[in-house]
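Take a look at the structure set out below.
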Amino acid sequence: MTQILVPKDLQEALELLAIDHPPRLLAGGTDLLVLRKDNPEKFASFLVLENVRELCGIHKENNRIRIGSRATHSEIEHSSILMKYAPVLAHAAAEIGSVQIRNRGTIGGNIVNASPAGDLIPALIALDAVAELHSLYRKREIPLREFFLGPGRTVCRLNELLVAIHFELPDAREHGVFLKIGPRKAVACSKVNVAVQALMHHRTVEWIRIALGAVAPTVIRAPRTEAWLQGKRLSPELIAEARAMVREEISPITDIRSTVEYRRHVAGVLIERALESSLSK
Amino acid sequence: MTTKFIGKRVKRNEDPRLLTGQAQFVDDVEIPGMLHAAFLRSDYAHARLLSIDVSEARKRAGVVAVFTAEDMGDDWQPGPPLVSPPPTVKDVIFHSRRQVPLVKDKVRHAGEAIAVVIAESRYIAEDAVEDILVEFEPLEAVIDLEKGLEAGSPLVHDDLESNLAAHLFQKKGDYEAAREKADLVIARRIVVDRGAAAAMENRGIVTDWDKKSQHLTVWDTTQAPIPIRNGLVARLGLSEHKVRVIAPFIGGGFGPKMMMFYPEEMLIPWVSMKLNRPIKWIEDRRENFYATTQERGQIHDVEIALSKDGHILGLKDIFLHDTGAYDPYGLTTPLNTQCHVMGPYDIKNFTSEVSVVFTNKTLVTPVRGAGRPQGIYIIERLLDIAARELGIDLIAIRKRNLIPPDAFPYEHEIIDQAFAPLVLDSGNYWPVMEKALEMVGYDQFIEYEQPRLRAEGKYVGIGVIPFLESTGVGPYEGARVTVEASGKINVATGIGTQGQGHFTSFAQIVAEQLGVAVCDVRIVTGDTAEFHWGTGTFASRGAVVAGNAIHASASIVRQKVLKLASKILKTPEEELELEDGLVRVIDIPHKSISLGELALLANPLRGAVQPGTEPGLEATAYFGPQYGATAFGTHAMILEIDPETMMLEIKRYITVEDCGTVLNPLILEGQIHGGVSMGIGNAYYEKLHFDENGQLLNASFADYLIPSATELPRIEVGHVETQSPLNELGAKGVGEAGTLPVPALFAQAIENALNNRDLEILETPLSPNRLYELLRPNEEKSR
C-alpha cells in the first residue's frame, strides 16, 4: 500500500519529514516515478509538494536571484528574469527532455536526483548557486559545488527539504553559455554537457567558472583551467590550450551511451565553443 | 490506363477511427472473467535449468495457476517450423531448432520464458512471478559469430556438433575466372550489427475459450492470422471452424509480428482451454527487447572484381549470419541478403556462401528489409571504394553497371527466399536514378554548393544510392467481394493490417471496378471468421498479392452486376456503366438501377431460378504470382556533419520509387516516410548492445534511442512507374523500400562530407561516437 501525504504548507511538510523513516518527496515525479517502477518497495510513502507554495516562484531579491525548488523547467526556460540575468540557466532548462517533461520536472528534483548528467546542475554551479535546505529544526545553506557526493547522492538529509536555490545577481557584463551533446536532439540523456559563466573585459578573462556534466561521478568544476584562464586575453591559441587542459581535468567513463575518448574529446570541443562564443561577444 | 480511383490521393478511410481513439487494438479487448498472464523470464542468456519451485507463487492470493514446462506434459512441443525446410540446393545444411513454449532443460537466450503465472490481475501475476525460485547453472554464452564456430565453443544446442545452424552455397557463372581477368580486386570485411523493430505497440494476445460450443477466439497482434489459426488447430486438436484468430488494429508490425508462433502465442490459448477462462497477455517494453525477434547481425568477407573502366566482372561474398537461439524462420533472411548483394547491377559471375550461426541471443527473423539492407550495404560500399580506387565518378560507376531495360526479365541463376529461381520481372533503372539526381540537384551541388560551403568551413556531403527490392512473393492471397443490399460493398481478405492503409487502397481497387465511393467499400482484414484462406502481410506483398486478389474478385462481381442489370434494364452490357453506386445506360442517364436494388434482386425470396444460379452479387477469387515483382528506387541525401562531435543534420532527403502502379500516392508516401525513419535509425542511432554474457545493455527507450521528429528531415518523394507484367494491377511492393538503402546512403554521404579525412566506413550502424573512433586512428597517424 502506498501512503500519500499532501501537506498544506512548508511547516507541515517539515513536520511530516521529521520522523525516523520519512516519506519520499514527490514534486514533478519525472525521475522518482521511473525509479519507483523498478523498486516499488523502496517507495512506500510519498510526500507530495504540490500545495507547498513556499517552494514556488523565481524572484529577484536585493542582489540575488532566488528560485523556489518547485519551479518547473518550463518556468525556468521562459522566465524573463532568468533570460535577462542568467540565460545560461534558461538555456539549460530548454535542453531538458521534452515539453511534457519540462512541464512536470522541477529544478529541485533535478538537483536532488543528482544525476552526473543532469542538465541544470552545470549551469547552477557555473552561477555559483547555493542550495537552501530546511528541516523542522534548522536551516542551512550549501554551495551547490559542495552539494553532490556521487551519482544519486547529495548532502541533503532525508529529513531535509530543498526549499530554494539562489545566486548572486550576475553583472550585466557577464556572459553565460550552456552546451550539450546527447545521442539525439531531444528526450535524450546528455553524453556531455558544459556551462560557462564568465566576466570579460576587452577580451580579457576577469574570472570564469566552468562546470561539466557526465564526465565524472558528479558535475564538476574545472578549477585548474579556470585559474589558468584568469587574467589572460582570449585568443584562438589560448582557447585551444584551454580545450586541451579541460580534457585532462575530467574523468569520464565508458558506458553504452559513450566512450571515455569521445566524452573527453567532446568536453574539450564544447569548452572551446563556449569560449569562442565569449570571444564573439 | 485511365482510372477514377486507383492512383488518387484519397484520404484514409481508417483515420477517423484511429485518430479519435475508436479503433480496436488487442489490449482494448475486455471479456468478463478475464484473467491475466505474466511470464518468468530468464536473466541468463545460457544456463542449465536445475530446479524450479512455483509453490509460493501458487499460494499467493489471486493467483489462479502457474505452469512450467513440466506442467504441460505431452503438450510441451517446440513450435512449428514457420518457413518450410530449405531449398533443394546442392549440399545445403540446415539444422531446424525451434523455439519452445517454456524452457525445459536449458535457457538459450536472456528473456526466454520459464514459467507463466495466471492471476486475477496483471499486478498479482507480476508479483507472483517474483515468488518463483529457480536454480540455474550458468553456462558460457555464445555471442560472437566467429568464436561461436570455433572448435571448443560452448554449444547453444548440445545435440549438434557445432553452432552451425545452416550452410548454403550459391553461384552463378565463374567468379574465379572473372577474377583472373580483373584489373582491380577489392576485398573487405564488412560488419552489420543488430537492431530492434521497436514497433509502437508491443505484442499482445487475448484468448476466449467457450467450452460449450468448443470454440476458441484469439485476438493476436499478428501480421498473419491464418497461419496462426492453422498452427493452433494442429496443436490443440480443434476443427478449423472452431478457431477464430482476429488481428485487429496493430501498432506496427515490421516483421517480428509475422507468423512467428512465439511461445506466448501457443501457451496463452492452451492455458485458456485448460482453465476454461479468457486470458490476456500484453507484452511490456522490456519483454519486447528480449523476447520479440530482431535482425541484421552479419559479417561479410567480400571481394569484387572490376575492369579498369569500372565494369563489375564478379562478386564473391562469404558471410556469417546470426540467427539467435533458434531458427524457425529458415533461410529467408540470409537468402534475401544473397539475392540483394548483387544490387540492381548486371553481375555475371557470383559466388556466395553463408554460414548461419546459433548464438545465445534473441531469435532473428525478418525485420523490415529482411536481409536486403545488408546486401545493399555491401555492394554499395564496394562500389564506393572501387570508384575511388579507379578514379571514376560515384554515379558513373553505377550507371555503367545497371541492368539495362531490355534485359528483363533478368535471370540471376540463383534461388530466392521463396526457393524459386531469382528472376527480376521488369525495370527501367536509370530514369529513376536520374530523377533522384535532378531532384537533389546533384551536379549543382558538386560544382557550386559543396565548394562554397566547404570554403565556409562546413562539412557537407551528398549520397546517392540505387537499390532494388524483391516484393510481392507468393504463395497466394484471396478475397471475397460482396454487394450488400444497402448498396455498400463488403470485402474480406485474409491478410492482417498494421498501418498500411489497406482500408483505403483496397477500397480504391474495388471502387474502380464497381463505380462506388471509396468510403462505401468496407474492408475486413485479418479475421479468419471472415476469410480463412491466405498467408499474411509481410515481404512487401499486401498490395501486390491481396490487392490483385481483390481486383480479381471485384472484376467478377462487376461481370455479375452487368449481366443482371442488362437483363433488368433490357440493355446490352456494353451500353451500361457503373457510376455513383448505380448501373446506368450510358446515353440515357436516368435509366438506371442502384447496386443495392440489384443485390436484392440477385437474392430472391420467392420464385424459381435458373439451374446453376448463384445467389447474390458476390465473388471469391485468388491471386498467386508466378514469382515476386521487383521494385526499384533511389535515395539521395545531403547532410552536414559537425567534424568535431560527429553530430549530423540531414539537409535534403529525396526518394524516387518505382513500385509499378501507384494505388494511392498519399499512402505510398506515408510508407516511404516511415521506412526512411526506420532506416535512419538503423544507420545512425539504433544498435542493440549485448555484452559477453548475452545481456542486452540498452533494453529500454531511455538507452535504445529511435530517431524522433527532431532527427528526421523533410522527405521528398518522387515516382516513376514501370508496371509489373506479373499481375493485372501492374503493382510492385513498397512496404520495406524506404528502409533498405539508408545505411549505405549514410556511409557514402558521411565519407563525402569528410573526404579530407581518409575515412573508409565498413560497418553499420554508425553513431557519432563510433564515427569518432573510426576517425581517430587516422588523426593520430597524421599527427
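The values are calculated or read from the model by the stated rules, or taken from the named source; none is laboratory data. Owing to the predicted nature of the structure, the values given are computational and were not obtained by experimental measurement. In this analysis, Cβ positions are derived from the backbone assuming ideal geometry, glycine residues included, and neighbour counts consider all displayed protein chains. The protein model used for the area step is the full one, side chains on, heavy atoms only, and it has no ligands, DNA or RNA in it. Shrake-Rupley method; radii C 1.70, N 1.55, O 1.52, S 1.80 Å.
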Over the stretch A:174-279, with every protein chain in place, what whole percent of the accessible area is carbon and sulfur at 1.4 Å, could you tell me?
-> 53
Can you tell which of B:H673, B:N349, B:Y175 lies farthest toward the positive end of the dipole of the protein assembly as shown, using +1 and -1 charges on the Cβ of basic and acidic side chains (Lys, Arg; Asp, Glu)?
-> B:H673
Rounding to the nearest 20 debye, state how big the charge dipole of the protein assembly as shown is about its Cα centre with +1 on each Lys and Arg Cβ and -1 on each Asp and Glu Cβ.
-> 1880
Full-extension gain in nm, B:T710 to B:L155, via 0.36 nm per residue minus C-alpha separation | 195.4 nm
When the convex hull of the Cα atoms of the stretch A:3-48 is projected onto a plane and the area is averaged over all directions, what value comes out in nm²?
-> 3.2
Would you compute, from DSSP H runs of 4+ residues alone, the mean residue ellipticity of the protein assembly as shown at 222 nm, taking -39500 (n - 2.57) per run and dividing by the full residue count, rounded to the nearest 500?
-> -8500 deg cm²/dmol
Quick one: Cα centre-to-centre distance for the stretch B:505-525 and the stretch A:80-158, in angstrom?
-> 59
Extension reserve of the B:R48-B:A702 stretch, reckoned as 0.36 nm per residue once the Cα distance is removed = 232.3 nm
Accessible area per residue of chain B at 1.4 Å probe, in Å²?
-> 38
Of the accessible area of the stretch B:485-567, computed with a 1.4 Å probe and all protein chains kept, carbon and sulfur make up a percent value of 57
Once you treat every alpha carbon in chain B as an equal point and sum by Debye, what is log10 I(q)/I(0) at q = 0.09 Å⁻¹?
-> -0.88
Counting only heavy atoms of protein chains, what accessible area per residue, in Å², does the stretch A:3-48 have with a probe of 1.4 Å?
-> 61
Cβ-derived FRET efficiency at R0 22 Å, A:E41 paired with A:A18, nearest 0.05 | 0.40
Residues along the stretch B:742-772 losing 40 Å² or more of accessible surface when the other protein chains are present rather than the chain by itself (probe 1.4 Å) = B:N769, B:Y772
With solvent modelled as a 1.4 Å probe, how much accessible area in total do chains A and B shield from it at their shared surface, in Å² to the nearest 100?
-> 1900
Between B:T3 and B:Q610, what is the FRET efficiency for a Förster distance of 45 Å, r being their Cβ-Cβ separation, to the nearest 0.05?
-> 0.85
For B:A529 and B:V89, calculate 0.36 nm times their separation in residues minus their Cα-Cα distance, and state this gained length in nm to one decimal.
-> 154.6 nm
Trypsin sites (Lys or Arg not before Pro) in the stretch B:39-133 lying in a DSSP loop, each with at most 13 other Cβ atoms within 10 Å of its Cβ, come to B:K90
Bins of 5 Å, starting at 0 and running to the largest distance - Cα pair percent for chain A | 1, 6, 12, 17, 18, 17, 12, 8, 5, 3, 1, 0, 0
Accessible area per residue, 1.4 Å probe, Å², for the stretch A:174-279: what's the number?
-> 37
Among A:F43, A:F167, A:F148, the residue with the largest mean-square fluctuation in a Gaussian network model of chain A built from Cα contacts under 10 Å is A:F43
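Per the Cauchy relation, a quarter of the hull surface: what is the mean projected area of the convex hull of the alpha carbons in the stretch A:53-168, in nm²?
Taking a quarter of the hull surface, the average projection is 6.8 nm².
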What residues does the stretch B:607-651 have that are buried by at least 40 Å² of accessible area in the full protein assembly compared to the chain on its own, 1.4 angstrom probe?
-> B:E644, B:T645, B:M647
Taking the inverse of the average 1/r across all pairs of different Cα atoms in the protein assembly as shown, what Kirkwood radius in Å do you get?
-> 32.1
Apportionment of accessible area to carbon and sulfur, the stretch B:678-752, percent (1.4 Å) = 48
Assigning unit charges at the beta carbon (Lys, Arg +1; Asp, Glu -1) and nothing else, what dipole magnitude in debye, to the nearest 20, does the stretch B:120-166 show about its Cα centre?
-> 200
Shielding of A:108-119 by other chains, given as the mean Cβ count within 10 Å, works out to 0
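Could you compute the FRET efficiency for B:N276 and B:R400, with r as their C-beta to C-beta distance and R0 at 60 Å, rounded to 0.05?
With R0 = 60 Å, the Cβ-Cβ based efficiency is 0.30.
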For the stretch B:91-131, list residues with backbone N below 19 Å from a point placed 7 Å from the Cα of A:M1 toward its Cβ?
-> B:124
Starting at the first residue of the stretch B:315-328, write each ³J(HN,Hα) from the Karplus equation 6.51 cos²θ - 1.76 cosθ + 1.60 with θ = phi - 60°, in whole Hz, x for Gly and Pro.
-> 9, 10, 10, 10, 9, 9, 10, 7, 9, x, 6, 9, 9, x
Whole-Å distance linking the alpha carbon centroid of the stretch A:1-61 with that of the stretch B:349-369 is 52
Between B:D642 and B:R388, with labels modelled 7 Å along Cα→Cβ, what's the label distance in nm to one decimal, could you check?
-> 2.5
Along the Cα-to-C-beta direction of A:E141, a point sits 7 Å from the Cα; which residues of the stretch A:30-62 have their amide N less than 14 Å from that point?
-> A:61-62
Could you name the aspartates and glutamates whose alpha carbon sits less than 13 Å from that of B:K458, not counting residues in the same chain fewer than 8 places away?
-> B:E449, B:E640, B:D642, B:E644, B:E649
Using a 1.4 Å probe on heavy atoms of the protein chains only, the accessible area for A:E41 in Å², nearest 10, reads 130
With every protein chain in place, the residues of the stretch A:173-196 shedding 50 Å² or more of accessible area versus the chain by itself (probe 1.4 Å) are A:P183, A:R184, A:K185
